[in-house]
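Pasting in a structure now, in structure tokens, and then I'll have a few things to ask.
The values are calculated or read from the model by the stated rules, or taken from the named source; none is laboratory data. Being a predicted model, the structure only gives us computed values, none of them experimental. Here the Cβ positions follow ideal geometry from the backbone for every residue, glycine too, while neighbour counts run over all protein chains shown. These area figures cover heavy atoms from the full protein model, side chains too; ligands, DNA and RNA do not enter into them. Shrake-Rupley method; radii C 1.70, N 1.55, O 1.52, S 1.80 Å.
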Amino acid sequence: MNQRAHYEMLLESQYWPGQRLVDWQRRQLVDLLIGARAHSPFYRFRLNSVFSASGGINWDRWNDIPILGRADVTAHHAKILSANPPAAHGPFKDMMTSGSTGDPVTVRTTTYLVQLATAAIWRASLWQGVDWSKTYLNQLYVDTPLTAITKLPGSWGPPWLRSAQRGRQYVSPRPFSAHELFEGMVSTKADYVTVAAGLIVELARISDAAGRPIRVKGFFARGGTVEPYERDYVREVFGADIFGLYSSKESGSLAHPCPEGPGLHVNDEHVLVEIVDDQGWPVAPGEEGRVVVTPFGSTAFPLIRYDQGDRAVRGAPCACGRSLSVIERISGRTIDLFRHPDGRVRFGQDQVAKLRTIIGAKRWQVAQIGPTAYEVRLPQGIDYDLTRLEDFRLAMAEGLFGDADVTIRFVDALVANAAGKFKEYVSELPPAAA
Ligand SMILES: [Zn+2]
């Protein structure tokens with residue numbers, strides 16, 4: 001892929017007339033669908049409703065394609081894998097993600113998907129006036145062998161731009177605590193930081209409490225929403241703005257904030273994003289529904305009408321002049337932080353997700369129920385390896401700050417909260433204590 005040519009196309013295509021954008025999407029979808037039907041046994045018959053006898057696509061029947069859930073992805077993993085993904089989209093990489101619905105999911109992502117995401121993030125950075133000649137620190141969200149903050153060669157902006165060639169980039173390995181990350185921001189003098197949304201306020205609190213004011217130009221917030229009062233606080237402490245990046249490990253970069261309007265613009269050139277009701281039909285602007293995505297770069301593990309477990313409100317067309325479709329807001333995507341009385345914070349997803357294999361747990365809920373007390377809830381009816389339960393409990397205690405008091409409880413069912421959302425990692429501390 002010629003990344004420069006593609007990026008320059010994105011700067012134009014955001015203003016394409018709607019029909020031209022639709023035509024572009026359909027050309028990408030045709031390639032994805034034909035590849036999936038030919039090389040993924042799971043899709044051999046599943047897409048029949050849209051293929052006509054002559055092999056053409058009947059777009060009016062798009063909604064007849066069944067929605068693919070996370071449970072389907074787990075149950076049919078081997079059959080969804082493409083036997084012959086386009087070589088030009090590689091190398092390919094297997095990735096595990098555990099999202100809001102509680103099922104861990106492994107998908108095979110493509111380098112192509114990452115390249116598309118990079119180009120889309122550059123466009124969004126341009127919208128926000130990001131200065132690529134400055135210093136960038138990225139907290140990684142995938143495992144790496146790195147154990148310390150590391151300077152990477154090259155630029156973090158478009159590498160052919162002279163201004164970007166002056167920029168420096170660092171990565172911070174995971175899992176890193178907010179304290180470690182804050183020290184990294186100080187030592188690298190980072191101007192821009194990409195980090196999980198829930199950590200940004202924590203970083204501001206650390207800076208505030210330590211009386212060590214540093215200036216930051218902007219945060220890119222991954223995987224969550226940031227409340228207006230949190231934005232104000234972060235601006236007060238760091239002088240920084242927060243840009244929300246709506247993305248997922250398996251689907252790449254999905255939508256970015258409009259610089260003029262209130263919503264997020266979908267990267268329509270890279271992904272078909274549908275917001276649908278419980279029957280799978282599109283909701284009207286202003287209404288909330290499930291987010292169903294078809295990322296065009298998912299050629300090694302085709303995700304066609306995939307429901308990754310988010311809810312969002314569909315937006316009306318934006319007054320800024322861009323024809324890219326609009327998400328008014330993401331409503332169902334919150335991951336709770338675990339907090340230690342000494343100020344350390346952890347994401348359960350980063351810290352303990354892998355431990356489930358010790359006892360063969362598939363679904364679970366890990367809840368913080370006291371300052372250092374945690375409860376692991378395991379649904380009945382699963383064939384757990386009970387001989388390793390104590391090993392599991394000790395590994396959980398170690399993963400949760402090293403001193404957690406962990407209780408294991410078998411439950412009839414995992415339950416959603418009052419808002420109807422299931423959280424795999426949940427803090428049940430009262431707000432005052434949290
Ligand atoms: Zn706009």
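If I ask for residues that are touching a Leu at 6+ places or on another chain (Cβ under 9 Å), away from the ligand (no atom under 16 Å from the Cβ) and assigned to a strand (DSSP E or B), which ones from segment 246-277 would you list?
Correct list: Ser247, Ser248, Gly252, Ser253, Val271, Leu272.
Mind checking which residues of segment 91-104 are in a loop (DSSP other than H, G, I, E, B) and either at pLDDT 95 or above or surrounded by fewer than 14 Cβ atoms within 10 Å (Cβ to Cβ) (or both)? Quick ask: steps written out before the conclusion?
Within segment 91-104, the first condition is being in a loop (DSSP other than H, G, I, E, B), and the residues that meet it are 91, 99-103.
Residue satisfying the conditions is Pro91 alone.
For segment 110-132, which positions are assigned to a helix (DSSP H, G or I) and of a type in the set (S, T, N, Q)? Let's see the steps before the verdict.
First, pick out the residues of segment 110-132 that are assigned to a helix (DSSP H, G or I): 111-127.
Within segment 110-132, Thr111, Gln115, Thr118, Ser125 meet the criteria.
With basic (Lys, Arg), farther than 24 Å from Arg174 by Cα, assigned by TED's automatic domain parsing to the domain that holds Pro341 and in contact (Cβ under 8 Å) with a residue 12 or more places away in the chain as the only criterion, which of Arg363, Arg388 stands out?
Details: Arg363 fails: farther than 24 Å from Arg174 by Cα.
On inspection, the qualifying residue turns out to be Arg388.
Kindly indicate the residue of segment 256-265 that is out of contact with any helix residue (DSSP H, G or I) (no Cβ under 9 Å at 6 or more places or on another chain) and modelled with pLDDT of 90 or more and also surrounded by the most Cβ atoms within 10 Å (Cβ to Cβ) among those meeting that condition. Even if it seems obvious, please write down each step before you answer.
Within segment 256-265, the subset out of contact with any helix residue (DSSP H, G or I) (no Cβ under 9 Å at 6 or more places or on another chain) is 261-264.
Right, trim to modelled with pLDDT of 90 or more and you get 263-264.
Details: Gly263: 23, Leu264: 26.
It comes out as Leu264.
Gly280 - would you say it is under 25 Å from Cys318 (Cα atoms) and within 16 Å of the ligand (Cβ to nearest atom)?
Values: under 25 Å from Cys318 (Cα atoms): yes; within 16 Å of the ligand (Cβ to nearest atom): no.
Spelling it out, it is not the case that Gly280 is under 25 Å from Cys318 (Cα atoms) and within 16 Å of the ligand (Cβ to nearest atom).
Oh, and also: Is it true that Arg305 is in contact (Cβ under 8 Å) with a residue 12 or more places away in the chain and farther than 17 Å from Glu269 by Cα?
In short, no.
Tell me yes or no: at least one residue of segment 198-213 is out of contact with any helix residue (DSSP H, G or I) (no Cβ under 7 Å at 6 or more places or on another chain) and open to solvent by less than 10 Å² (accessible area, probe 1.4 Å).
No, the conditions are met nowhere in segment 198-213.
Also: Within segment 61-74, does at least one residue satisfy the condition of being exposed (fewer than 15 other Cβ atoms within 10 Å of the Cβ), over 17 Å from Ser251 (Cα atoms) and of a type in the set (Val, Ile, Thr)?
no
Here's something else I'd like to know. Could you please let me know if Ile408 is touching a Gly at 6+ places or on another chain (Cβ under 7 Å) and either within 16 Å of the ligand (Cβ to nearest atom) or assigned to a strand (DSSP E or B) (or both)? So that I can check it myself, show each step before the final result.
Numbers: touching a Gly at 6+ places or on another chain (Cβ under 7 Å): no; either within 16 Å of the ligand (Cβ to nearest atom) or assigned to a strand (DSSP E or B) (or both): yes.
The answer is no for Ile408.
Residue by residue, here is whether (1) within 16 Å of the ligand (Cβ to nearest atom); (2) within 22 Å of Glu12 (Cα to Cα); (3) in the same structural domain as Ile80 (by TED's automatic domain parsing) holds:
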| position | (1), (2), (3) |
| --- | --- |
| Glu287 | no, no, yes |
| Thr294 | no, no, yes |
| Thr299 | no, no, yes |
| Gln308 | no, no, yes |
| Glu328 | yes, no, no |
| Arg344 | no, no, no |
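Residue by residue through segment 222-246, note down the ones that are among the hydroxyl-bearing types (Ser, Thr, Tyr) and crowded, with 21+ Cβ neighbours inside 10 Å.
Here is the first cut: in segment 222-246, the residues among the hydroxyl-bearing types (Ser, Thr, Tyr) are 225, 229, 233, 246.
Tyr246, the sole residue that qualifies.
Kindly indicate whether Arg166 is basic (Lys, Arg) and over 30 Å from Thr106 (Cα atoms). It would help to see each step written out before you state the result.
Working: basic (Lys, Arg): yes; over 30 Å from Thr106 (Cα atoms): yes.
Taking the combined requirement at face value, the residue satisfies it.
Going residue by residue through segment 222-244, is there one that turns out to be within 16 Å of the ligand (Cβ to nearest atom) and either among the charged types (D, E, K, R) or touching a residue at least 40 places away in the same chain (Cβ under 8 Å) (or both)?
Yes: segment 222-244 contains one or more residues that are within 16 Å of the ligand (Cβ to nearest atom) and either among the charged types (D, E, K, R) or touching a residue at least 40 places away in the same chain (Cβ under 8 Å) (or both).
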